[in-house]
Amino acid sequence: MYKIAVIEDDTLLGQALVEMLTSHGYQAFAAESVTKARRLLERQPVDLLLIDRGLADGDGVELCRQRSGQEKLPAIFLTARDEEEGIVEAFDAGADDYLVKPVALAVLLKHIEAVLRRTGGEPNQVFYYQDFSLDYDRKEARIQGQPVALTPKEYGILEVLTQNQKKVVTKRMLLEQVWDDGGNFVEENTLHVTLNRLKKKIEPDPAHPVYVKNVFGLGYTFGE
């Protein structure tokens, strides 16, 4: 799933863009200023910037220029400014596309698809649920954007559970897939101890879990 940061000082427009992108299969995040955009990008890697120029505390061009200097991060400008000099300045700063408002949403989506296709690479495979995310490529879990230190077994449990969301995962399945090919040499108490340790790391209240839940007599499930 591609992740897009929407940097737009019009809060209503920014939220509408986030909802539109989400409905079309993207993971979208909003920021209303250069300062908030920097904070967002520090805690949340993204695949594309959708950025306005006239932000409350600066010009989106400067933000684009700074990000281009640190990493290759595709950027599409979506702005009301249509002066030739400003457009050239944006491309010089590293923009991949420049669109002048208003733009039909269907057209915007096609420009986003084209830029992502041109810049190449597959998106990281990431699972999201409420404040929790699990990046399968980086083998990294985050709560509210903050990384959680996991052991290989704890990560393995989360991977199996999230890849089988809405299904009950039995203890035997976890033992076979996380510990060994048959689960023959691991006691169920080992799984129980590892799960309790994992819940303490990711659950707001381990006594009332919202992520890893017991299904009495059957096994475990992730979320609702």
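The values are calculated or read from the model by the stated rules, or taken from the named source; none is laboratory data. Computed from a predicted model, the values in this text were never measured in an experiment. Glycine also receives a Cβ, built like all others from the backbone with ideal geometry; neighbour counts cover every protein chain displayed.
Looking only at residues in segment 30-77 that are among the basic types (Lys, Arg) and modelled with pLDDT of 85 or more, which one is farthest from the chain's Cα centre (by Cα)?
The qualifying residue farthest from the chain's Cα centre (by Cα) is Arg53.
Go through segment 52-64 and count every residue that is buried (at least 18 other Cβ atoms within 10 Å of the Cβ) and part of a helix (DSSP H, G or I).
4
Run Asn189 past the list (1) at pLDDT 85 or above; (2) part of a helix (DSSP H, G or I); (3) not aromatic (Phe, Trp, Tyr) and report the number of the one that doesn't hold.
The number of the failed condition is (1).
Across segment 127-168, which residue is surrounded by the fewest Cβ atoms within 10 Å (Cβ to Cβ) among those that are touching a residue at least 24 places away in the same chain (Cβ under 8 Å) and among the basic types (Lys, Arg)?
Lys166
Can you find, within segment 192-223, the residue that is surrounded by the fewest Cβ atoms within 10 Å (Cβ to Cβ) among those that are touching a residue at least 40 places away in the same chain (Cβ under 8 Å) and part of a loop (DSSP other than H, G, I, E, B)?
Leu218
For segment 33-44, does any single residue satisfy the condition of being more than 14 Å from Leu108 (Cα to Cα), acidic (Asp, Glu) and in contact (Cβ under 8 Å) with a residue 24 or more places away in the chain?
No, because not a single residue in segment 33-44 is more than 14 Å from Leu108 (Cα to Cα), acidic (Asp, Glu) and in contact (Cβ under 8 Å) with a residue 24 or more places away in the chain.
When segment 17-37 is examined, which residues are found to be exposed (fewer than 15 other Cβ atoms within 10 Å of the Cβ) and assigned to a helix (DSSP H, G or I)?
Glu19, Thr22, Ser23, Thr35
Taking Lys3 as meeting all but one of (1) crowded, with 18+ Cβ neighbours inside 10 Å; (2) under 20 Å from Gln125 (Cβ atoms); (3) touching a helix residue (DSSP H, G or I) at 6+ places or on another chain (Cβ under 8 Å), write down the number of the exception.
Going through (1) crowded, with 18+ Cβ neighbours inside 10 Å; (2) under 20 Å from Gln125 (Cβ atoms); (3) touching a helix residue (DSSP H, G or I) at 6+ places or on another chain (Cβ under 8 Å) one by one, Lys3 breaks only (3).
State the number of residues belonging to segment 73-100 that are of a type in the set (Val, Ile, Thr) and not in a strand (DSSP E or B).
So the count comes out to 2.
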